[in-house]
Structures are given as C-alpha cells and as structure tokens.
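The values are calculated or read from the model by the stated rules, or taken from the named source; none is laboratory data. Just so we're clear, the structure is a prediction, and the values are computed from it rather than from any experiment. FYI the Cβ positions are ideal-geometry reconstructions off the backbone, even for glycines, and counts take in every protein chain you see.
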Amino acid sequence: MRCYTNFKIVPEKKLIIEYFSGTINLDEIIKLKYLESKDPHFCPDFNIIDDSRDAEFLLNEKDIKLYIKILSNNELFVGKRNAAYLTKTPHQVVIATLFDLLNKKLPLDIKIVSTLDAALQWLGMLKEKELVEFYLSLLKVQE
C-alpha cells in the first residue's frame, strides 16, 4: 500500500489538519512536518487534527523517540498547542499512545479519539465541523 500525506492550515481557526493514508514511516511524517513549516500560514501554536484512520504506521519506540527529538530540537515546531489524533485501529491507538507517553519535551497536549466530533470537542471547535469535514474531504481527494 503506497503512502500519502497531506495537510491544510486554516489560519483563521488556528488549526492544522493532517491526513495520512497507506503505509507511513518516520521519513514520511518528518517530510510532512517540514512541508508544514514552510507554509506561509504555519504557526507552531496552532492546534492539530491528525487523521490517521486510513494509515498503517511502520514505527517503533526508537522511531518515535527520534521523531520527538527532531521536533523538540527545532524551535519551528515547539509551540503550546493541543492535538487530536483520529484513529480507527488498535495499532494506530498504540502508536499515538506511545507518542503521548514518550513526549516529555514538547508542550503538546494530546487526545486520542475515534470520531471527528470527539476531536472537535477536545479542541473546542464543534461549530467548525462542516469546515473541517470539507478540508478533510479535499485532502483525501488529492490522494
């Protein structure tokens, strides 16, 4: 299964929407983060909705520790924010939970959820459901 990653920054809502599908490794995740940081609307304080429900992650604990080290050593990525991780499979939950447990260096509060409503509620953005659904559908169409 090939990998696909994409994102949309919604500056007026202080939100970054990330979409992952296929088989995803550490290099793909890092590449996406750097592409985000190059976007003129990027801000490390924007909240994140990470939709990984269509992805299979090829990551282990060592990869996750390296990812956290890379992010925490680059001030571009260090911002106080909340992140909602949308998951569907037990493996996706394990990867997101491992990231949450190992993440001691980044000022990031994480919530692992299985529905968009739960993600939006966590971020205090339930009123933005149609907008977020629209952007997620666009990210998926470009796949």
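Each row is one residue, and each column tells you yes or no for (1) of a type outside the set (S, T, N, Q); (2) within 25 Å of Leu71 (Cβ to Cβ); (3) in contact (Cβ under 8 Å) with a residue 40 or more places away in the chain; (4) in contact with a Leu (Cβ under 7 Å, 6 or more places away or on another chain).
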| position | (1), (2), (3), (4) |
| --- | --- |
| Asp100 | yes, yes, no, no |
| Asn103 | no, yes, no, no |
| Pro107 | yes, yes, no, no |
| Ile110 | yes, yes, no, no |
| Thr115 | no, no, no, no |
| Gln121 | no, no, no, no |
| Glu128 | yes, no, yes, yes |
| Tyr135 | yes, yes, yes, no |
| Leu139 | yes, yes, yes, no |
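Which pairs do you get when a residue that is closer than 22 Å to Gly124 by Cβ, found in segment 61-90, comes within reach of a residue that is surrounded by fewer than 17 Cβ atoms within 10 Å (Cβ to Cβ) and among the aliphatic types (A, V, I, L, M), reach meaning Cβ atoms under 7 angstrom, with the pair 6+ apart or on two chains?
Listed by first residue and then by second, the contacts come to Thr87/Val93.
Test of understanding: among Lys38, Lys14, which residue is in contact with a Lys or Arg (Cβ under 9 Å, 6 or more places away or on another chain), over 22 Å from Leu98 (Cβ atoms) and surrounded by fewer than 17 Cβ atoms within 10 Å (Cβ to Cβ)?
The match here is Lys14.
Taking segment 86-143 as the region of interest, how many residues are loosely packed, with under 14 Cβ neighbours inside 10 Å and of a type in the set (Ser, Thr, Tyr)?
2
Looking at segment 116-143 only, could you name the residues that are within 22 Å of Cys3 (Cα to Cα), out of contact with any helix residue (DSSP H, G or I) (no Cβ under 8 Å at 6 or more places or on another chain) and not small (Gly, Ala, Ser)?
Within segment 116-143, Phe134, Tyr135, Leu138, Leu139, Lys140, Val141, Gln142, Glu143 qualify.
Checking the structure you have, find out if any residue of segment 21-31 is in a helix (DSSP H, G or I), among the charged types (D, E, K, R), within 12 Å of the chain's Cα centre (by Cα) and closer than 17 Å to Glu75 by Cα.
Looking through segment 21-31, none of the residues is in a helix (DSSP H, G or I), among the charged types (D, E, K, R), within 12 Å of the chain's Cα centre (by Cα) and closer than 17 Å to Glu75 by Cα.
For segment 41-67, how many residues meet the condition of being part of a strand (DSSP E or B) and crowded, with 19+ Cβ neighbours inside 10 Å? Give the derivation first.
If we filter segment 41-67 for residues that are part of a strand (DSSP E or B), which is where we start, we get 47-57.
Add one more test, that the residue is crowded, with 19+ Cβ neighbours inside 10 Å, and what stays is 47-52, 55, 57.
The number of residues fulfilling the criteria is 8.
Scan segment 13-34 and tell me whether some residue there is in contact with a helix residue (DSSP H, G or I) (Cβ under 9 Å, 6 or more places away or on another chain), at pLDDT 95 or above and of a type in the set (D, E, K, R).
Yes, segment 13-34 contains a residue that is in contact with a helix residue (DSSP H, G or I) (Cβ under 9 Å, 6 or more places away or on another chain), at pLDDT 95 or above and of a type in the set (D, E, K, R).
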